[in-house]
Amino acid sequence: MISVFIYPFLISLFTLMAIIYFSHKHDLFIDDAEHDKPQNYHNDSTPRAGGIGIILGIFFIMIFPLGLNLIFPLTLAFFSGIFEDFHNSLSARRRLFLQVLAALSAIGLTGSVVTYLGLGISMPYWTGVFFSLFAIVGLMNAINIIDGFNGLASGIILLILLSFALTSYEQNNMEILNIILITAGSTFAFFILNFPKGKIFLGDGGAYLLGFIVAIIGIFLVSKYESVSPWYILAMFIYPVWEVIFSIIRKLSKGLSPLKPDAYHLHMLIYRQITQSNPLTTLCILAGTLPFMVISTLFPNRSTTNIAVAGCFILCYLVLYYILDKKEQSRGQDN
């Protein structure tokens, strides 16, 4: 079992190290620190092609039948972002098309669909297909949105994978557990190069890829086991999911387009108002989300407990956001 973590880790690690070297030498996949983008919080020009190393490690899943069915969908999910990383030319509509195609192909090839929402609530099959499609595409973009600081998105993904690994082990599903370990090994190789120094970034390709695979794993667990509550899956995803929902509400309330990037996500406020440090911001958010994840992991079968966990997280998020936003506004007035 250790080997299914180690081999993808090594494949990913050596690939990423090669990408770092050749990207700087040939000026490929470089995210220029001088670009005036609201989500830029780094000082050095850095390759944003971490997804290439991760997907090559994850391809190790093809040794398992379920994993083999995921190769095509994973590739589509990856390509929905890597073109943007390389050319900055893929339109939002085309990205969305590839993401929807990736989600539908995963649903079709694996037959995994969420039809039970817990609390005695069930959905017809086709309603479940659309629900699962929306969940996969939504989480892909949610992970991309929180990918703002060194190790943040990949750190959240690793915590989610750890929880899913424990749940899969409890359910005695070794195939899903092995897929989780392969994904974790590939992601951890990226994490140690990205945190704390930021030698390489996920890029859109990596963020979409990781969001896609954790969404699929969550759907696997819910669709296979009635003892795994869908609210447990939501509670594990609550930070990136709520970041997206709150961002949309916040922008619409100000008459702004929800698709327009800005510098007012929670992790950005924490950076400006508390840490003034890229890696320290990541540590603060990981430490803040960890207790909620631990509680959910202890009770994966309890819908009401996980609803309470998600609700408490949202409340804490809103209180912290309100405090930091007020602090930023008062400093702006002073200046």
Suppose the filter is farther than 22 Å from residue 150 by Cβ, in a helix (DSSP H, G or I), of a type outside the set (Val, Ile, Thr) and out of contact with any Gly (no Cβ under 8 Å at 6 or more places or on another chain); does residue 108 pass it?
yes
Out of all the residues in the stretch 242-259, is one or more surrounded by 23 or more Cβ atoms within 10 Å (Cβ to Cβ) and touching a helix residue (DSSP H, G or I) at 6+ places or on another chain (Cβ under 9 Å)?
no
Just to be sure, is residue 134 of a type in the set (Phe, Trp, Tyr) and touching a residue at least 12 places away in the same chain (Cβ under 8 Å)?
no
Among (1) within 21 Å of the chain's Cα centre (by Cα); (2) part of a helix (DSSP H, G or I), there is one condition residue 300 misses while meeting the rest; what is its number?
(2)
Among the residues of the stretch 165-181, what is the count of those that are crowded, with 18+ Cβ neighbours inside 10 Å, out of contact with any Gly (no Cβ under 7 Å at 6 or more places or on another chain), assigned to a helix (DSSP H, G or I) and not hydroxyl-bearing (Ser, Thr, Tyr)?
6
When residues of the stretch 303-321 are limited to those that are of a type in the set (Gly, Ala, Ser) and within 20 Å of residue 246 (Cα to Cα), the one nearest to the chain's Cα centre (by Cα)
310
Please identify the pairs in which a residue from the stretch 52-75 that is surrounded by fewer than 17 Cβ atoms within 10 Å (Cβ to Cβ) has its Cβ atom under 6 Å from the Cβ atom of a residue that is of a type in the set (Gly, Ala, Ser) and part of a helix (DSSP H, G or I), counting only partners at least 6 apart or on another chain.
72/105
With 155, 206 as the choices, which residue is farther than 20 Å from residue 65 by Cβ, touching a Phe, Trp or Tyr at 6+ places or on another chain (Cβ under 8 Å) and crowded, with 24+ Cβ neighbours inside 10 Å?
206
Yes or no: the stretch 258-271 includes at least one residue that is hydroxyl-bearing (Ser, Thr, Tyr), assigned to a helix (DSSP H, G or I) and either without any contact (Cβ under 8 Å) to a residue 40 or more places away in the chain or within 19 Å of residue 157 (Cα to Cα) (or both).
no
Just to be sure, is residue 287 assigned to a loop (DSSP other than H, G, I, E, B) and hydrophobic (A, V, I, L, M, F, W, C)?
no
Right, residue 186: touching a Ser or Thr at 6+ places or on another chain (Cβ under 7 Å), of a type outside the set (Val, Ile, Thr), under 17 Å from residue 9 (Cα atoms) and assigned to a helix (DSSP H, G or I) or not?
yes
Test for residue 279: is it touching a Pro at 6+ places or on another chain (Cβ under 7 Å) and either in a helix (DSSP H, G or I) or at negative phi (or both):
yes
Of the conditions (1) over 19 Å from the mean Cα position of the chain (by Cα); (2) within 23 Å of residue 200 (Cβ to Cβ), residue 93 fails just one. Which one is it?
(2)
Looking only at the stretch 259-289, count every residue that is more than 16 Å from residue 319 (Cα to Cα) and hydrophobic (A, V, I, L, M, F, W, C) and tell me the total.
6
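Every read-out reported here was derived from the displayed coordinates using simple, explicitly stated rules and does not represent laboratory data. On a predicted model such as this, the values are computed, not experimentally measured, just so you know. Every residue, glycine among them, receives a Cβ derived from its backbone with ideal geometry; neighbour counts consider all protein chains shown.
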